[in-house]
Amino acid sequence: MLRKSPHFPRLLLGWIFACPIGAWGAAPVTLAPVDFAREIQPLLAGKCYECHGKEKAKGGLRLISRSAALQGGESGEPSLVPGQSARSLLLQRVTTHDEDDVMPQKGARLTSAEIDLLRRWIDAGAVWPDNLRHWAYVKPVRPPTPRLRHTADAARNPIDHFVFARLEQAGLAPAPSADRARWLRRVSLDLIGLPPTPAEVAAFEADQDERAFERVVDRLLASPQFGERWARPWLDLARYADSHGFQRDDLRDLWPYRDWVIRALNADLPFDRFTVWQLAGDLLPEAERQGSLDPLIATGFHRAAPTNVEAGTDQEEGRVNQVFDRVNTTAAVWLGTTMECAQCHDHKYDPFSMRDYYRLFAFFNSTAIETEFTTPKAMAALKFVGPYLTLPAPEGKAPVPARAPDAPAKAGRPAKGRAVAKAAAKPAVPPAPRTLVMQELPEPRPTAILKRGSFLDRGEPVTPGLPEALHPARGGEVRNRLDLARWLVDPENPLVARVTVNRWWAEIFGRGLVATPEDFGVKGEPPTHPELLDWLAVEFMEHGWSMKHILRLIALSATYRQSSRVSSAMLAQDDQNRLLARGPRLRLDAESIRDNALAAAGLLSLRMEGPPVRPYQPPGLWESKVGGDRVTYTVSEGEDAWRRGLYTVWKRSSPYPSFMNFDAPGRTACTVQRSRSNTPLQALTLLNDQVYVEAAQALAKRVVREEPTGSAEERVRHAFRLCLARSPAPVEVAALLALFEQQRAAHGEEVAGWTAVATALLNLDEMITKG
C-alpha cells in the first residue's frame, strides 16, 4: 500500500516489495581456498597497516611479511600460528570484547565475514608468498568461465556465470527477472539517461521475441542521447567547468571539448585513442591527425584544471599547482591510484616513490603558460591567456584565426591566448568559437623533485619516466605526453582496463566490483568478483577497447535483468548488494532527475551541443560573488531553457543550485564517483524549484491534451505511464483520483486537480530512482 516516506514529505511514494531470496536447500557449500593477494593482504592493509605497516610498527609489530608476523612484537608472542587460528594472537585481538585490547583500535572493527576469512586462512596454513605483488599490479588474464550447478539455465552470458557462481558459493539464488516495463525503464535510463515513451513500452511488451531485448539495447546504444548520458561521468573525471574556479571565477571557453566527448562516445571511439587524444592529441604526427581538429580539441581534458588568476597570486606557484592537478587526475582516472600521496613523500602504502611522482610530473611540465601579468607590479592581477584553438566559424564562414604577434597566421592550430585576433573592419559574422587546448613548448622545462611539494624548494633533477612498479614502455624510451599516453593503453598495463570497466559497472549497479574506484591500491577495497573484473578487462581490450561492447554485455545479462525487489532477510544479509543477488536500485544523478521530469512533461529539448545554457535559478547568486567579471545570470529563452542538464553552465564558485542539492560536484577537482545523499533540501527542490513547478504544470496540460476524451481514470493511467513507464496498481489509481477530486473541489477548476496529480507523480521516490 502507499505510505508516507520518513525522509520526504511527499504525497505518494513508490512501492517497496518483498521478494524472498532463498538458499539452495541443504546442499553443502564448498568454499574456495582463501586467496592471500586478493582477500587477506587488502584486509591487513585496510585494517592494520596504519599502525603495523612499513612506516610504523606500534608495539614492535609489523604485518608486512610472514616472517615478521611469525616473529611477533614486543610481547614475544607470534601473531600467527599456522594451522591453529585459536592460538594466533592476531585472531584473538580482533575477536576480543576487551575494549583496551581489541584491534584495530582506530576505525571500524572487523566484520564477522572478515574474521571468518582470517580464521580460514590461518587454519589453512597462513600461506603468505614472498615478494608478493598486489593483485592490481599484475596483468589481468582471461579466467575460465565457471560451471554452474543450479543456475546454468538462467545465465545469458559469461557475466552471469561469474555472478551466479558466487551466489551458489554463498548458498543464494538470483532474483527473478524484472517485468518488461521496469527493465525497459532501467535500461533506457542507464544507456541514454531518459525514460522510455509509453509507445516504446507498449511495443516492447507486445514483442515477446527474446531478441526484443537485444533490439532495444542496440537501439539505445545507437541513439545520439547515449553520448550525452555517458559524457556526464566523464566530465566529472575531467573536472570540466565553464569558469576558472577560485575567487576570481571568470568564465572561459571550453564547451567544444564537452561536445567532442559526446561525439566520441556516440562514435564508440576506441578507448585507447580516446585516451591518447585527450592526453597528447597536440603531439600526434600530422599523418595520424589526418587534418582533423578533434585530437586538438580533445586536449581540453587537461585544460579543464582550475586556474588561479587572483591579484597577488604567484604565477609559478599557480602553474605548478596545475601540473600537480594533471598528474593526480591522470593517475586517478587511468590508474585508479592515489598518486598525490607521493607528492611530498614516498607513498605510504603503494609502491610509488616521490621520484616516480616527479618523473610523471615532468611529462606535464612543458606546456605553454596560461596566465600573464596585467602590469609589471608584484601584486598585479593575472590575465588568463589560453592557449586557445580557433574553430571554424558558424555556417562555414571562415573566422580570423587567433595568432601570436610574432607568429605567422597557426589557422586551425593552437595559438597563444594573449594573441588576440584583430577584428574585421566590418564584422558580418558572429565571432568564431574557440576552445582551450594543450600546447607543448619548443624546449622542455627543467624538472626537479620538489621537497615537501614546495615549488620554492627544488631538489634532485629528474626527467620524464614511468613508475618502476608497473610495466616498462615499449621501446624503452619515454620523452613526452604522447609516450605516456601510449604506455597507459598498452595491453601490458595491469590497471587501465580494470579501472575503466569498474567505473562503468559502478555507474550501472551503484557500486563497483571494486568499491573504491579511485583507489585500486593496497588500502582500496578488494574486488567482490575478481575473476569477473579480469574477464571484463580482457574482453574490453580484445574487442577493440569498445565501451559499447562492454555496456551491451552488461545490459543483456541476466544479472542486470534481475528484479530489484528485496526481502528484509536479504537486506540484512547483503544491504549493499555486493553479491548481486538482485538488480540495481539507486537514485538518479542530479542532471538525470531534471531531464527525467522535463521528458515526462514534454518540455525537454533534444537539441545537441553548443555553448552552455542558463536555465532558471534563484536570482542574485552570481551577482553576490566577489572578484572576477561581474556577470549577470540571464535565463536562457526558448528551448535553451529546457535543454539537457549536461549543457547547463558550470560556474565553479556558483554551480547550478538544484544540481548541488542532488550531489553534483563543484568540479574543482577530479570526481571519480558521486555521493548519494538523502536530505530535506532535495524534497524542497522537487516541490518548489521553478523548473519542477513548470514541469508539473506542463505534465498536467500534456495529460489532458493527449487524452482529450478520456475519463479521469484513463488520464491518471496515462500520467503514470509517462512518469514511471508502467501501469499503476488499483490502489495507486484510487489515491491519485482522490487527490484530483480533492484539489479540483478546493480550487474550483480541473487544471488544479491535474497539476496536483502531476506534482505528486514528479515527487515520487520511484520517479527519481532507477529500479
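The values are calculated or read from the model by the stated rules, or taken from the named source; none is laboratory data. Worth saying up front: this structure is predicted, and the values here are computed from it rather than measured. Backbone-built Cβ (ideal geometry, glycine too); neighbour counts: all protein chains shown. Note: areas computed on protein heavy atoms with side chains; ligands, DNA, RNA excluded. Shrake-Rupley method; radii C 1.70, N 1.55, O 1.52, S 1.80 Å.
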How would you order 434-442, 62-70, 633-641 from highest to lowest mean count of nearby Cβ atoms within 10 Å? 434-442, 62-70, 633-641
Might you work out the accessible area of residue 451 for me, using a 1.4 Å probe with all protein chains in place, and round it to the nearest 10 Å²? 100
Once all protein chains are kept in place, residue 135 shows an accessible area at probe 1.4 Å, nearest 10 Å², of 10
Any chance you could get the radius of gyration and Dmax over the Cα atoms of the chain, in Å? 28.4, 90
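Before rounding to the nearest 500, sum -39500 (n - 2.57) across all DSSP H runs of length at least 4 in the chain and divide by the residue total; then give [θ] at 222 nm in deg cm²/dmol.
It lands at -11000 deg cm²/dmol.
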I need the phi-derived Karplus couplings for the range 729-745: 6.51 cos²θ - 1.76 cosθ + 1.60, θ = phi - 60°, integer Hz, Gly and Pro marked x. 7, x, 5, 6, 4, 4, 5, 6, 5, 5, 5, 4, 5, 4, 6, 5, 5
Any idea how far the Cα center of the range 431-460 sits from the one of the range 31-93, in Å? 43
With a cut-off of 8 Å between alpha carbons and a minimum separation of six or more residues, what is the relative contact order of the range 580-655 in percent? 38
Once the whole set of protein chains is in place, how much accessible area is left on residue 458, using a 1.4 Å probe, in Å² to the nearest 10? 120
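Keeping all protein chains in place, calculate the accessible area per residue for the chain (probe 1.4 angstrom), answer in Å². Write out the running numbers ahead of the final one.
Working: 32830 Å² over 771 residues.
On a per-residue basis, the chain sits at 43 Å².
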Need the C-alpha centroid separation for the range 229-278 versus the range 633-665, integer Å. 16
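Determine, for each peptide in 190-199, 569-578, 96-105, the mean count of other beta carbons within 10 angstrom over its residues, then list the peptides with the highest first. Walk me through the numbers before you get to the answer.
Numbers: 190-199: 20.6, 569-578: 14.3, 96-105: 11.0.
Final packing ranking: 190-199, 569-578, 96-105.
Compute the semi-axes of the equivalent ellipsoid of the range 485-610, taking the square root of 5 times each eigenvalue of the Cα gyration tensor, and list them largest first in whole Å. Can you show the working numbers first?
Numbers: eigenvalues 147, 110, 39 Å².
The equivalent ellipsoid of the range 485-610 has semi-axes of 27, 23, 14 Å.
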Evaluated at 10 °C and 1.306 mPa s, the Stokes-Einstein D of the range 292-337 based on the Kirkwood radius over Cα pairs, in µm²/s, stands at 132
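At a 10 angstrom cut-off on C-beta neighbours, averaged per residue, how do the peptides 357-368, 78-89 rank from highest to lowest?
Working: 357-368: 23.2, 78-89: 17.7.
Ranked by mean Cβ neighbours within 10 Å, highest first: 357-368, 78-89.
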Which pairs in the list 54/523; 548/770; 348/451; 56/139; 54/139; 523/548 are over 23 Å apart, alpha-carbon to alpha-carbon? 56/139; 54/139; 523/548
Which far-off residues, 5 or more places away or on another chain, put their amide H under 5 Å from the one on residue 448, with H placed in the peptide plane? 462
Cα-based Rg then Dmax for the range 567-609, in Å, read 16.5, 47
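Tell me the Kirkwood radius of the range 614-720: reciprocal of the mean inverse pair distance over distinct alpha-carbon atoms, in Å.
Working: mean 1/r = 0.0606 Å⁻¹.
Taking every pair of different Cα atoms in the range 614-720, averaging 1/r and inverting gives 16.5 Å.
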